[in-house]
Amino acid sequence: MRNVKLEVNLINNESFKEFGYFIDKPSVEPTIELNGVFKYYDKIAVLDMKSLSSIGMLEIYKREPTLKLLEKHENTDEMLIALDADFTFIVASSDSSGEMPHSESARAFSLKKGQAVTLKTGVWHWLPFPMQSCGRLLVMIKEGTPENDVISFDIEKEMNLQFEIV
């Protein structure tokens, strides 16, 4: 089996743009501001949900940072918001057929508590790895996605491959 070691990349909008948006404290001027009361930043990310959204919570326990399975969604973007822990996670784009992950595109990123990412429709991913014993993420996806739009791919079985975050 081929073990692909992935170093954690610095995450910002430039390094993550192939896969979606990175959301942190905005570096642009607010859209609306009332001095001393609030600042509102519009369109720091855009989600293509195509219908009603579902907000869920994912509770993940610490495990070895090795990945043998990926999933994607063909009908929705996805947003992950780190609530109470820091995480690392792996993403990959599809190969030219669109049927399987393109292993050379795989990247590992770090997501800090309070930060968020959006994943474009079709981006391969799997459960993030919490840096603490347990971590929670808010997940926003199109309603019905868990039942109707999860395409799984066993990279160990189909490609004789696994990813490891180093």
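Between Tyr40 and Cys134, the modelled label-to-label distance comes to 3.7 nm, taking each label 7 Å out from Cα in the direction of the beta carbon. Backbone amide hydrogens, once placed in the peptide plane, bring Ile11 within less than 5 Å of Ser110, excluding anything fewer than 5 places away on its chain. Take the chain and mark each of the GluC sites (Glu not before Pro) that is in a DSSP loop with at most 10 other Cβ atoms within 10 Å; the longest unmarked stretch, sites excluded, is 8-98. Note on Ser53 and Glu143: the model spin-label points, each 7 Å out from Cα along the C-beta direction, lie 1.4 nm apart. Measuring against 32 Å, Cα to Cα, the residue pairs Lys5/Lys50; Lys43/Lys113; Lys43/Lys68; Lys5/Lys39 contain Lys5/Lys50; Lys43/Lys68; Lys5/Lys39 as the ones spanning a longer distance. Around the amide H of Leu69, modelled in the peptide plane, lie the amide H atoms of Ile155, all under 5 Å away and 5 or more residues distant in sequence or on another chain. Using θ = phi - 60° in the Karplus curve 6.51 cos²θ - 1.76 cosθ + 1.60, the 3J(HN,Hα) couplings for the stretch 18-26 round to 5, 9, x, 10, 9, 10, 9, 4, x Hz; x is entered for Gly and Pro.
Neighbours of Glu158, meaning other residues whose beta-carbon lies under 11 angstrom from its beta-carbon, give a summed charge of -1 when Lys and Arg score +1 and Asp and Glu score -1.
This structure gives percent of Cα pairs over 18 Å apart, computed directly, and of (1) 71; (2) 55; (3) 61 that value is listed as (3). Taking trypsin sites (Lys or Arg not before Pro) across the stretch 3-41, the ones in a DSSP loop with at most 12 further Cβ atoms lying within 10 angstrom of their Cβ are Lys17. Centre-to-centre, using Cα atoms only, the stretch 32-56 and the stretch 102-146 are separated by 19 Å. Mind giving me the FRET efficiency for Asn3 and Ser94? R0 is 22 Å, r the Cβ-Cβ distance, nearest 0.05 is fine. FRET efficiency, Asn3 to Ser94: 0.50.
Close amide H pairs (under 5 Å, H built 1.01 Å from N) link Gln115 with Ala82, residues at least 5 positions away or on another chain.
Read-outs: derived from the displayed coordinates by stated rules, not from any lab. Model, not experiment: these values are computed from the prediction. Glycine also receives a Cβ, built like all others from the backbone with ideal geometry; neighbour counts cover every protein chain displayed.
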